[in-house]
Number of protein chains: 2
Amino acid sequence: MARDSDITPPRLVGGHPPADAAAKPTRRPAGLAGAAAARPLRPIESSSVVGLAYEQIRELILTGAIAPGERLGQVELAEQLGISRTPVREALRRLAGEGLVTARTNHGFRVAEIGIEEVMRRLEIRLLLEPGVARLAAERATADHLAAIDATIAREERARDAAETHDASRDFHLAVARATGNPDIVATLAAQWIVEIGRRLLARRTARPDWQGRDIAEHKAIAAAIAGGQGDLAEQLMREHVASALDHWAAKADA
Amino acid sequence: MARDSDITPPRLVGGHPPADAAAKPTRRPAGLAGAAAARPLRPIESSSVVGLAYEQIRELILTGAIAPGERLGQVELAEQLGISRTPVREALRRLAGEGLVTARTNHGFRVAEIGIEEVMRRLEIRLLLEPGVARLAAERATADHLAAIDATIAREERARDAAETHDASRDFHLAVARATGNPDIVATLAAQWIVEIGRRLLARRTARPDWQGRDIAEHKAIAAAIAGGQGDLAEQLMREHVASALDHWAAKADA
DNA sequence: CGACTTACGAATGGATACAATATGGCGAGA
DNA sequence: TCTCGCCATATTGTATCCATTCGTAAGTCG
């Protein structure tokens, strides 16, 4: 079959994947080479057309190429992807399960809208989850986990635009979650970012001049607390960290 | 996650989905009449065939009619439902998105397995979330919310078997989550129950003689704290409530 | 002149047909 | 007897086709 392009293999987020080994920070093949170690053989990434369509449509949505609220015509997508409508529909259905698109019978699929109030709802979930996650991470993190966390901070410092900054920041939080050893926590937390479509709302946030530097500083403090096994401190720092983001958005909502 | 649209119906509540009207005869009788009857599947005879197929397959999995790990043959399901494979596939893909079934390309769909360690991973998420949820509920609950919470406790007391008890107990926790006013919290929490396939593992838990009564008593105490606006107390009681469940399963895991 | 009706076109939902892949049995050879 | 390789069959994956519904806009009546 048309194996046109190398695909992004295991989805980072979404669904409830059973195993988490091979933790991959982002879809960049670069970086961590020998970390796998455990099993020399990795299962083959089967490239079904559905999977490819899923990846591509997802990327279109996440990069903002298709705006929130916009219609996702099945024929149009199928033609552009060079496939038939059937796999497109299944890919869309899968995206709907993740909340990236909405579906109404006989009305087709649309890119999910997201407003400030929804961002705040998600942040509230993070505020409930992440302090405890940080505590667990401090109690359980292995050396590999700590290295992975540091790597995301390094990426954050190297980031050159809002999108990279956002991705690295998100991956920091997911790396902390991974340190709990509970893959379901990672999946649940990752779901809170899924709907931040297009990273556009975030662009406004990161536009605030001092934000990025402050974010990184807070991340470093949290990482240090985790590395030092200081569960109470990590919990408290993470709570303040997420709460400040929530406050920031709340202020924006009023304006 | 769950947004409106009929593709994402309520499905959080205990009972069966509401009966749908609009009986529109399918234009294809497709006579393999006597072949069915193996499973309690009734042919679908309404619009939105995917949704209905989803409901029925989901019910089969949740009630344990199809055991975890068992294969979900597309043709078999399609024939028993009296529809074609296309909507069946889409329903299965949607169930895969929720983690109820697993999908491997060219290998078909299977009912997801779940073991004690997975139940514990889910409980750990609940342990992170629910204390804070209880606090928020105490701060925000309206009279309607309180009534809904009480209703689930009443159902719990009326329950006559393990399945009813389990459903009512789950609905208590979801009703508390609903009192936070954040629907995403409800969805996130609900996802933690989704994979408790067949309520079978739970049957063993509820088999413990004093369990049900103790559960109800704890629920009542939590509800009282929420109704009284005692956020600290509600949080603490909920933490102990969930923690005891986690301890219980941990003990089981050792045995 | 405006609101309602009604046809037409386009796109979705579902069914069927075809292609590709895996599963299981059988036989040959070590 | 066990293992490997091959073939038949069953099942999944994808494409194509038909029926139905929705959106739109022209057309008609008040």
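The values are calculated or read from the model by the stated rules, or taken from the named source; none is laboratory data. Please read all numbers here as calculations on a predicted model, not as lab measurements. We place every Cβ from the backbone using ideal geometry, glycine too, and count neighbours over all the protein chains shown.
Scanning the range A:60-92 for residues that are assigned to a helix (DSSP H, G or I) and either without any contact (Cβ under 8 Å) to a residue 24 or more places away in the chain or in contact with a Cys (Cβ under 9 Å, 6 or more places away or on another chain) (or both) turns up A:LEU60, A:VAL75, A:GLU76, A:ALA78, A:GLU79, A:GLN80, A:ARG85, A:THR86, A:ARG89. Restricting attention to the range A:97-131 and to residues that are free of Cβ contacts under 8 Å to residues at least 40 places away in the same chain and of a type in the set (Val, Ile, Thr), the residue that is surrounded by the fewest Cβ atoms within 10 Å (Cβ to Cβ) turns out to be A:THR105. Checking the range A:96-104 against the condition returns a match, with at least one residue being within 12 Å of chain B (Cβ to nearest Cβ), more than 20 Å from A:ALA177 (Cβ to Cβ), within 11 Å of DNA strand C (Cβ to nearest atom) and part of a helix (DSSP H, G or I).
The single condition among (1) in a helix (DSSP H, G or I); (2) without any contact (Cβ under 8 Å) to a residue 40 or more places away in the chain that A:ALA134 does not meet is (2).
Residues that are over 17 Å from the mean Cα position of the chain (by Cα) and modelled with pLDDT of 90 or more do not occur anywhere in the range B:54-64.
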